[in-house]
Amino acid sequence: MTAPGSEEAPVLVDRSRDGVAVVTLNRPSRLNAMDAGLLAGLHDVLDELALDGDCRVVVLTGAGRGFCAGLDLADPPRAPGSANLDRTGSAFAVQRYIASLVPKMRALPQPIIAAVNGPAAGGGFALALASDIRIASNAARFNVAFVRLGLSGCDIGVSWILPRLIGASRAYELMLTGRLIDAAEADRMGLLTGVTEPDELLDAAMAEAELILANSPFGIRMTKEVMWSQLEVGSMAAGIDLENRTQVVSSATDAMAEAINAFLEKRPPDFG
């Protein structure tokens, strides 16, 4: 895991606040576009955080004036282990390598708050969508860039997640046109939970993280797992069955007793 002082590292991790890891995409001269180093660094950081019991919330942001400009067209990455593949095999390998970030983010035990500080295009837009909460500065811009490159607008999970966040009609228009939308329009669409001034963005993300940290770690983990699973459940009955089982499992932890005692004793709960 890279430390904040490693200025040349493509992905930085700041653990200065208890329970929170701030993950910063760190190629500011390229608007944090995805090259081989940034992709490998992000995969590695997510793998490490998934096993880190001290980390309870992840904040994802970008260095400089961009969040992530998507694929670096000047230095396109190759997937690990693809050196001996032909052109089609290599292209398919890198496609899967990039797209696998989205299910990895969904499976991460910790909630991810995207603090979108600037342009989030193509793959960068996909990273924002794969996060659990999105807050943006008023300098943020979003677009489904793939369709502007002669490709399908359906890539890296965007065509699955975006309609579920903002509705099919709005999502289809964004995917077919590839047009840029600003933070205000994204907020009106329901894509964001808030818009801030640029210098207030990380504070807003940290305030959201603190609200999450006030709840039990297991309860938050189960909430993330079930809320994403509900997007795929085929009926309300099946969804309620999933909720029922999750609540029974959650009630077997010490957290529920601590929360009840804290309420009765008029104090904040201590979940350890």
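Readers should treat all values here as calculations from the given coordinates under stated rules, not as data from a laboratory. In this text, all values refer to a predicted model and were calculated from it rather than measured experimentally. Quick reminder, even Gly has a Cβ in these numbers, built from the backbone with ideal geometry, and neighbours come from all protein chains shown.
Among Phe92, Phe125, Phe142, which one shows the highest mean-square fluctuation when the chain is modelled as a Gaussian network with alpha-carbon springs under 10 Å?
Answer for the Gaussian network model of the chain: Phe92.
At Ser90 and Glu185, where each label point lies 7 Å from the Cα along Cα→Cβ, what is the point-to-point distance in nanometres?
3.7 nm
What net charge do the residues around Ala128 carry, taking every other residue with its C-beta under 12 Å from that of Ala128, with Lys and Arg at +1 and Asp and Glu at -1?
My count for the surroundings of Ala128 gives +1.
Mind running the shape call on segment 11-213? Use the C-alpha gyration tensor, a ≥ b ≥ c as the square roots of the eigenvalues: rounded below 1.5 for a/c, prolate if a/b tops b/c, oblate otherwise.
oblate
Want the number for Val249 to Met236: 0.36 nm per residue separation, take away the alpha-carbon distance, what's left?
Additional length available on full extension: 2.7 nm.
Going by alpha carbons, how many degrees (0 to 90, nearest 10) lie between the helix axis of 36-50 and the longest principal axis of the chain?
10 degrees
Under 5 Å between amide H atoms, partner at least 5 residues away or on a different chain: which partners does Gly62 have, H built in plane at 1.01 Å?
Those lying under 5 Å, H to H, from Gly62 are Leu25, Asn117.
With contacts defined as alpha carbon pairs under 8 Å and 6 or more residues apart, what's the relative contact order of the chain in percent?
That works out to 14 percent.
Compare the peptides 232-238, 15-21 by average per-residue count of other Cβ atoms within 10 angstrom and give them in order, highest first.
Put in order of decreasing packing, that is 15-21, 232-238.
Averaging sequence separations of C-alpha pairs under 8 Å and six or more residues apart, then dividing by the length of segment 110-255, give the relative contact order as a whole percent.
In percent, rounded to a whole number, it is 24.
Let's test the formula: R0 of 45 Å, r as the Cβ-Cβ distance of Leu51 and Ser152. What FRET efficiency results, to the nearest 0.05?
Taking R0 as 45 Å, the efficiency between Leu51 and Ser152 is 0.80.
So what is the calculated 222 nm ellipticity per residue for the chain, using -39500 (n - 2.57) for each DSSP H run with n of 4 or more, over all residues, to the nearest 500 deg cm²/dmol?
Result for the chain: -13500 deg cm²/dmol, rounded to the nearest 500.
Assuming R0 = 30 Å, can you tell me the calculated FRET efficiency for the pair Ser29 and Asp203, based on Cβ-Cβ distance, to the nearest 0.05?
Calculated transfer efficiency: 0.70.
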